[in-house]
Amino acid sequence: MAEISRPPVRRPRNRKAQLADAAAELFRKHGYHQVSVNDIAKAAGVTGPAVYRHFRGKQDILAHVLLSGMDTFGLVTEGALATPGTPAGQLSALLRAVAELAVDRREITALWRWEGRHLAEADRTKIRHRGAELMAQWGIALRDARPELAMSDAELLCWATLSVYGSLSDHHTSPPRRRFEDLLVTLATAVTSCRVPDGDPVPLPEPLPERAPGTPGSRREELLTAAISLFRERGYAAVSMEDIGARAGMAGPSIYRYFPGKAAILVAGGYRMSDQLARTATHAMTLPPQEALTYLATSYVDTVLRSDNIMATFANELRNLPERDRKDLVRLQRHYVGHWYALLRTVAPDLPEPDTRVIVHVALTIVNDLARTPRLLRRPRIAAELTELAVTVLDAGR
């Protein structure tokens, strides 16, 4: 019997891009440590070994995704700023182009914000340099449109504008595409036009100590603070109980007198933050709606800046919690954010519900993102600036 001739199997030329796209979406949904090479292969419709024809491993895939995303941002930025017209017109073209990109490719901003710490140092350096170049382009464009701005203030507004688009990774709300893009442009325009508060810096109020120094409870707080700091720096999966003890100046089994494990520490931090926010929301609901919104923004900024930024850490590491605690803390989170939705709908009753959700998430994301950017935190009026940005977004969305 004659042998049947079969046509050769050809791999698609864009297989590497397919793998990268599949990985990006999985990283966004589940987090870097919860995704395996086999998961990526399955999502792309190939076998696990096939992935290694294109990448050395998962870390290499993440680096490729992030660097490719930065390249995409760069091309969109250069194209928009090459638009003929006035500086204000070019800035508007940039805000529109990035809005279209953000709606189309949510995963780019998500990975840029959360997963870069998992890269090798050489790749992190590349990301930092490309990010700095991109922000420099944005800063020049903003100062051309607003020459009265100091360069440092332009940098603040540019990072806040990037958070407008990055907020899409924090929710699944999707208004009709054109309205979604228009809303993002409106909010980004408001941020780039925001007044940067001046005058003397206003220090945050000193929190009252819950326990006297030296009591057993204070050691627990030291461990909690050390753990949250390490989770933010390295990621939950890369931190051990021994690391936490070393950071807090404790060694060996004594750590377990206060917490049975890492998850318990993260749970404790989540509940502490939820309690603080719940108290401020309860007070806000006794105020007139517009005043209440401003109070929520002010108190949220105050809480985030005085909490070692556990909010950003907790939001990123939520998937690592035990299921019961995760569900309970998600419920508390949603209940708190629900106060923002309700108040915004009260002062803007004609605002569609999906738009309300987008606006609130933009305001919260700006605070969370900028509060975890060290050089911005050193600004003497950062509390007033973050509050002004959040209130500006809430007002613009109406």
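Residue by residue through segment 336-355, note down the ones that are touching a residue at least 24 places away in the same chain (Cβ under 8 Å) and either of a type in the set (Gly, Ala, Ser) or in a helix (DSSP H, G or I) (or both). Please lay out each step first, then the result.
Pass one, segment 336-355, residues touching a residue at least 24 places away in the same chain (Cβ under 8 Å): 336-337, 339-340, 343-344, 346-348, 351-352, 354-355.
Selection gives TYR336, VAL337, HIS339, TRP340, LEU343, LEU344, THR346, VAL347, ALA348, PRO354, ASP355.
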Only one of these is under 30 Å from HIS33 (Cα atoms) and out of contact with any Gly (no Cβ under 7 Å at 6 or more places or on another chain): LEU370, LEU329. Name it.
LEU370
Residues of segment 11-39 being in a helix (DSSP H, G or I) and more than 20 Å from ASN320 (Cα to Cα), in sequence order, are ARG15, LYS16, ALA17, GLN18, LEU19, ALA20, ASP21, ALA22, ASN38
Close pairs (6 angstrom Cβ cut-off, 6 or more residues apart or separate chains): under 13 Å from SER68 (Cα atoms) and touching a residue at least 60 places away in the same chain (Cβ under 8 Å) in segment 95-108, of a type outside the set (Asp, Glu) and not in a loop (DSSP other than H, G, I, E, B) anywhere:
GLU107/ALA24; GLU107/ARG28; ILE108/GLY69
Take ARG15 and tell me if it is out of contact with any helix residue (DSSP H, G or I) (no Cβ under 9 Å at 6 or more places or on another chain), at pLDDT below 90 and of a type in the set (D, E, K, R).
no
Within segment 174-189, identify whether any single residue is small (Gly, Ala, Ser), modelled with pLDDT of 90 or more, surrounded by 20 or more Cβ atoms within 10 Å (Cβ to Cβ) and under 15 Å from VAL358 (Cα atoms), and answer yes or no.
yes
For segment 292-328, how many residues are surrounded by 20 or more Cβ atoms within 10 Å (Cβ to Cβ), assigned to a helix (DSSP H, G or I) and at pLDDT below 85?
7
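Take the residues of segment 190-200 that are assigned to a loop (DSSP other than H, G, I, E, B) and either in the same structural domain as PRO380 (by TED's automatic domain parsing) or under 26 Å from the mean Cα position of the chain (by Cα) (or both): which is modelled with the lowest pLDDT? Steps first, please.
Quick first cut of segment 190-200, residues assigned to a loop (DSSP other than H, G, I, E, B) only: 193-200.
Subset that is either in the same structural domain as PRO380 (by TED's automatic domain parsing) or under 26 Å from the mean Cα position of the chain (by Cα) (or both): 193-197.
Numbers: SER193: 97, CYS194: 97, ARG195: 94, VAL196: 93, PRO197: 89.
So, considering only residues that are assigned to a loop (DSSP other than H, G, I, E, B) and either in the same structural domain as PRO380 (by TED's automatic domain parsing) or under 26 Å from the mean Cα position of the chain (by Cα) (or both), the one modelled with the lowest pLDDT is PRO197.
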Qualifying residues in segment 139-173 (those that are surrounded by 19 or more Cβ atoms within 10 Å (Cβ to Cβ), modelled with pLDDT under 95 and among the polar types (S, T, N, Q)) - the one nearest to GLU25 (Cα to Cα):
SER169
Matching residues in segment 118-149 (assigned to a loop (DSSP other than H, G, I, E, B) and in contact (Cβ under 8 Å) with a residue 12 or more places away in the chain) number 4
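If you scan segment 356-378, which residues turn out to be in a loop (DSSP other than H, G, I, E, B) and crowded, with 19+ Cβ neighbours inside 10 Å?
As a first pass, look at segment 356-378 and keep what is in a loop (DSSP other than H, G, I, E, B): 371-373, 378.
Within segment 356-378, just ALA371 meets the criteria.
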Single residue of segment 356-375 satisfying the filter (over 16 Å from GLY166 (Cα atoms) and more than 15 Å from the chain's Cα centre (by Cα)) that is modelled with the highest pLDDT
THR356
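The values are calculated or read from the model by the stated rules, or taken from the named source; none is laboratory data. Computed from a prediction, not measured in an experiment: that's the story for all the values here. Heads up, the Cβs are rebuilt from the backbone with ideal geometry, glycines too, and the neighbour counts pull from every protein chain shown.
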